[in-house]
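Read through the structure below, which is laid out as structure tokens, and then see the notes.
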Amino acid sequence: MADKIDAQVRAASLECKANYQEAFLDGSDTGKGLKEVFRAFQEWNVSLENVVVNQFPTNLSQVETAFHLMQGRFIFKVGLRSASLVVWNPDWSELETIKRVARAGTDALRRGGEINFGEQEILLEIHVTPSGRSVAEITAPCVPPPLQGSARTDFRGSGFTLYTKRGFWHVDLSAMFPESLFLRLSIQFDPHTSLDEVGSQLLQEERRLLDSLALTVPGIT
């Protein structure tokens, strides 16, 4: 493998999603669950001004209440078939806070809405800008053998998607930042996987993905 090169994280998002075993369709139970979530988030000074409701859903899958924490960087969303925590520009030093917020929200839904959770999914998206090497060079090993050695000289880079039994890796050129890559990885977990294990597996997968591209980013060793 080529020597690793440094890369700067330009933007990132993390979504931790937990599906319900049964859709949350009873209006009274929904209200109880949201009330418990609101109480649970008082630790982070959430007020009614920080709670946003989708006013114009076109179907039931779009019915959603979002609780904004940490100046809007953390958003806990409660829908009718799943709940999720979205974190903008997360850092691994915030892992314990992320787990606390996710646990507080899901525990509140269990209490108030009598929700049983099913499969979990975690999705990490990162835009990275490498230093000292072009994205075309970094992604050159991803080019299929029949295209290697092509006479064309206008390729800016390449990408790939790898699927596993419980998720995928996706590498592409960033549409937001020049000479940058967009990395996306997803992992699915069974209902009994702890948040500690989810975080541990996510870190391992991110390391593997970065290693496959010979990249290193701050906070990932």
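Provide a single number: the residues in region 1-37 that are in contact with a strand residue (DSSP E or B) (Cβ under 9 Å, 6 or more places away or on another chain), modelled with pLDDT of 90 or more and outside any strand (DSSP E or B).
Count: 2.
Among the residues of region 152-171, how many are open to solvent by 100 Å² or more (accessible area, probe 1.4 Å) and at pLDDT below 80?
Residues in region 152-171 being open to solvent by 100 Å² or more (accessible area, probe 1.4 Å) and at pLDDT below 80: 4 in total.
Can you work out which of the residues in region 112-133 that are acidic (Asp, Glu) and within 21 Å of the chain's Cα centre (by Cα) is most open to solvent (accessible area, probe 1.4 Å)?
The qualifying residue most open to solvent (accessible area, probe 1.4 Å) is Glu119.
Within region 53-84, count every residue that is part of a strand (DSSP E or B) and exposed (fewer than 14 other Cβ atoms within 10 Å of the Cβ).
1
What do you reckon, is Ile187 surrounded by 13 or more Cβ atoms within 10 Å (Cβ to Cβ), assigned to a strand (DSSP E or B) and among the aliphatic types (A, V, I, L, M)?
yes
Looking at Gly31 and the list (1) open to solvent by 50 Å² or more (accessible area, probe 1.4 Å); (2) over 21 Å from the mean Cα position of the chain (by Cα), which single condition is not satisfied?
Result: Gly31 fails condition (1) only.
The values are calculated or read from the model by the stated rules, or taken from the named source; none is laboratory data. Predicted model only: the values in this text are computed from it and were never measured. Counting neighbours? That spans all protein chains shown, and the Cβs are built from the backbone with ideal geometry, glycine included. Just the protein is used for accessible areas: all its heavy atoms, side chains included, with ligands, DNA and RNA removed. Shrake-Rupley method; radii C 1.70, N 1.55, O 1.52, S 1.80 Å.
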